[in-house]
Amino acid sequence: AQSVTQPDIHITVSEGASLELRCNYSYGATPYLFWYVQSPGQGLQLLLKYFSGDTLVQGIKGFEAEFKRSQSSFNLRKPSVHWSDAAEYFCAVGGYSGGGADGLTFGKGTHLIIQP
Amino acid sequence: GAVVSQHPSRVICKSGTSVKIECRSLDFQATTMFWYRQFPKQSLMLMATSNEGSKATYEQGVEKDKFLINHASLTLSTLTVTSAHPEDSSFYICSARADSAPMGGYTFGSGTRLTVV
């Protein structure tokens, strides 16, 4: 069965500092990996996704993530955070089974707090 | 880009009544739709997967008689919470994709906050 682990429930970062959110996954086939951001009471916004090719993926809002197959990781990074980045971040894994696209399995999320 | 509209955004209902949530793909044909549930300050849990014209496939532990899913057309899926109870209060989010979508082309709705009183 697939699973996603986000080991950090909360992370506090000063505005302007760099950020790395950790994500480890387990998936029986070729994984498709995603990072989403959610503001309170809102839906999900896709930051970036990885399927194949270059293991360093660029996303929106200055985010990037690196896929490391040997470590089963897909960590999200941003060189300099802004106060507007404060939100809940979810890593997710999906793929394709014989019946078509699978629903996504989400991690528990990391709550990002930005200090002024 | 692909847009999914979810309605209503918020609903309050009395215990014992039923509530229907709609998920519409506005500019593409959604071959597959997914329904998720999110408890406060928790992650999203996949409830069921529905393919147009077929019965939904429910995840383990999800009561199919309580959470009725209909995917009668390529642009509309509905989730009906039957005989709702306070423990059904949650944030429900749908996601849709087309077979023709690029890999991982999941589009999410904006969610429905259900409160059962």
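Readers should treat all values here as calculations from the given coordinates under stated rules, not as data from a laboratory. Keep in mind that this is a model prediction, so the values were computed, not measured. Positions of Cβ are backbone-derived with ideal geometry, glycine not excepted, and every protein chain shown enters the neighbour counts.
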Stretchable slack from B:T82 to B:L68, in nm (0.36 nm times residue separation minus alpha-carbon distance): 4.3 nm
Chain B: most fluctuating residue of B:S95, B:S25, B:S73 per GNM, C-alpha cutoff 10 Å: B:S73
Modelled FRET efficiency - R0 35 Å, A:T30 with B:Q42, Cβ distances, 0.05 increments: 0.80
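What FRET efficiency would be calculated for the residue pair A:Q42, A:S18, taking the C-beta separation as r and a Förster radius of 30 Å, to the nearest 0.05?
Efficiency, from the Cβ-Cβ distance: 0.75.
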Most mobile listed residue (A:L21, A:L104, A:L48) in chain A, GNM with C-alpha springs under 10 Å: A:L104
Within 10 Å of each Cβ in B:38-44, the average number of Cβ atoms from other chains: 5
Estimated inter-spin distance, B:T57 and B:S18, nm [label 7 Å along Cα→Cβ]: 2.6
Among A:A87, A:A65, A:A101: highest mean-square fluctuation, GNM of chain A, C-alpha pairs under 10 Å: A:A101
